[in-house]
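So the structure is just underneath, and the comments pick up after that.
Nothing in this text is a laboratory measurement; each read-out follows from the coordinates by a stated rule. Keep in mind that this is a model prediction, so the values were computed, not measured. Cβ sites come from the backbone with ideal geometry, for glycine too, and all protein chains shown count toward neighbours.
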Amino acid sequence: MANAANEYAVYLLLSGGHREEVRFPTMQDFQKWYSNELMPKSGSTDFTTVPLKNAQGEYLLVRPSCIEGIRIEPVFASSVDRSY
């Protein structure tokens, strides 16, 4: 039986070499945000909001045209913290 991930770490690789990490509780939540918010504005230089799960009162705004890549990593409750 395969383990289900507890959440998904999404790494936004931005132009200029920056990397931002945001977390989504399910893959469907990420897909919904991606298809409704990010894809329709993919060439836009206007800011769009990225949902932050654990940071109350904190917001992340990115320009969709500056996102060069996205990496998604499933996170399991038993995962070892691999923060660098």
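Sticking with the crude label model, points 7 Å out along Cα→Cβ, report the distance from PHE47 to ILE70 in nm, one decimal please.
The answer from the label model is 2.0 nm.
Net charge near ARG23, counting Lys/Arg +1 and Asp/Glu -1 over other residues with Cβ under 12 Å of its Cβ?
Summing Lys and Arg as +1 and Asp and Glu as -1 gives -4.
With +1 assigned to the C-beta of every Lys and Arg and -1 to the C-beta of every Asp and Glu, and no other charges, what is the dipole magnitude of the chain about the Cα centre in debye, to the nearest 20?
100
Determine the principal axes of the Cα atoms in the range 7-75, then give the extent along each, sorted from largest to smallest and rounded to whole angstroms.
Reported extents, whole Å, longest axis first: 29, 25, 24.
Under 1.5 on a/c is rounded, so check that first for the range 1-46, then, if it is not, pick prolate when a/b is larger than b/c and oblate when it is not; a ≥ b ≥ c are the square roots of the alpha carbon gyration tensor eigenvalues.
Verdict is oblate for the range 1-46.
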